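In what follows, a single structure is set out as structure tokens and then discussed.
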């Protein structure tokens, strides 16, 4: 068998996203889900998925919704109204906006809330949407503090080390023009078939249905619905079986 990770990000982002992830877990091929614990619809998303079989990761957020830390303690991360700065603010600057000590406070707060609402440690631990050296350093600090399975982020989607023995290569094309998840899937399957068991391709999806909340908050819209249909397509399940692909969970990796 050949290992392939297929993951859904953004549980909690909106009710529409939650319903899309639910469909992709219940009737599709998703068995790893990243939760945004600070969002207004987080508990709604977790309640939808209750009783389903999947690994849950912590999708740490500093660019959507409200912080779980007092905004006065993390001024580098928030706007004047106490909300997180949008991802656009990070993309349009030539320096790191994130203060390391402040982001550690917020990451720690999100991790403790994850424990409270989920009841166990995340199967993987990483970040949503923002590339920041200090955010990545903060994640590493909190991961070491609590012995969490940190999944590093590489801006160029180059291979990264996960746990002790696994190398993960990311396949994610949803932000590109003329996006076709079937084409991305074909590339990931070929990678899985031609690489060692511990050299694992990871497909990152953002399935969801569009509602007013997601249209106001996210630049990723139509591909979310496209991905729900893809992930629930029986053809995908058949191709996975035909190519002897094992849809591996993060908790299975070493």
Query raised in the report: Tell me, 92, 252 in order of fewest to most beta-carbon neighbours within 10 Å?
Result: 92, 252
Query raised in the report: What nm value, rounded to one decimal, do you get for the distance between residue 100 and residue 229 when each label is placed 7 Å out toward the C-beta?
Result: 4.7 nm
Query raised in the report: Averaged over all directions, how much area does the convex hull of the C-alpha atoms of segment 96-170 cover when projected, in nm²?
Result: 5.2 nm²
Query - Rounded tilt (10° steps) of 15-26 against the dominant C-alpha axis of the chain - result: 30 degrees
Query raised in the report: Mind listing the Cα extents of segment 2-252 along all three principal axes, in Å, largest one first?
Result: 55, 40, 38
Report summary line: Taking Cα atoms, the helix 222-231 axis meets the longest principal axis of the chain at an angle in degrees (rounded to 10) of 40 degrees
Query raised in the report: Using r as the Cβ-Cβ distance of residue 246 and residue 216, and R0 as 41 Å, what FRET efficiency do you calculate, to the nearest 0.05?
Result: 0.60
Requested in this report: For each of 173, 10, count neighbouring Cβ atoms within 10 Å of the residue's Cβ, then give the residues from fewest to most.
Outcome: 173, 10
Query raised in the report: Nearest 10 degrees, 0 to 90: what angle lies between the long axis of helix 133-146 and the longest principal axis of the chain (Cα atoms)?
Result: 80 degrees
Query raised in the report: Which shape class, rounded, prolate or oblate, goes with segment 108-223 when its Cα gyration tensor gives a ≥ b ≥ c as root eigenvalues, a/c under 1.5 marks rounded, and past that a/b bigger than b/c marks prolate?
Result: oblate
Query raised in the report: Efficiency by 1/(1 + (r/R0)^6): what FRET value for residue 66 and residue 164, r their Cβ-Cβ distance, R0 = 30 Å, to the nearest 0.05?
Result: 0.25
Query raised in the report: Dividing the Cα radius of gyration by the Kirkwood radius, what Rg/Rh value follows for segment 22-116?
Result: 1.04
**Report entry** Sequence of 47, 66 once ranked by neighbouring C-beta atoms within 10 Å, starting from the fewest
**Finding:** 47, 66
Report summary line: Helix-only [θ] at 222 nm, the chain, -39500 (n - 2.57) per DSSP H run of 4+, per residue, nearest 500, equals -11500 deg cm²/dmol
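Computed from the coordinates by the stated procedures, all read-outs in this text should not be read as laboratory data. Predicted model, so just to flag it, every value in this text is computed and none were measured. With ideal geometry, Cβ positions are generated from the backbone for all residues, glycine too; neighbour counts draw on all protein chains shown.
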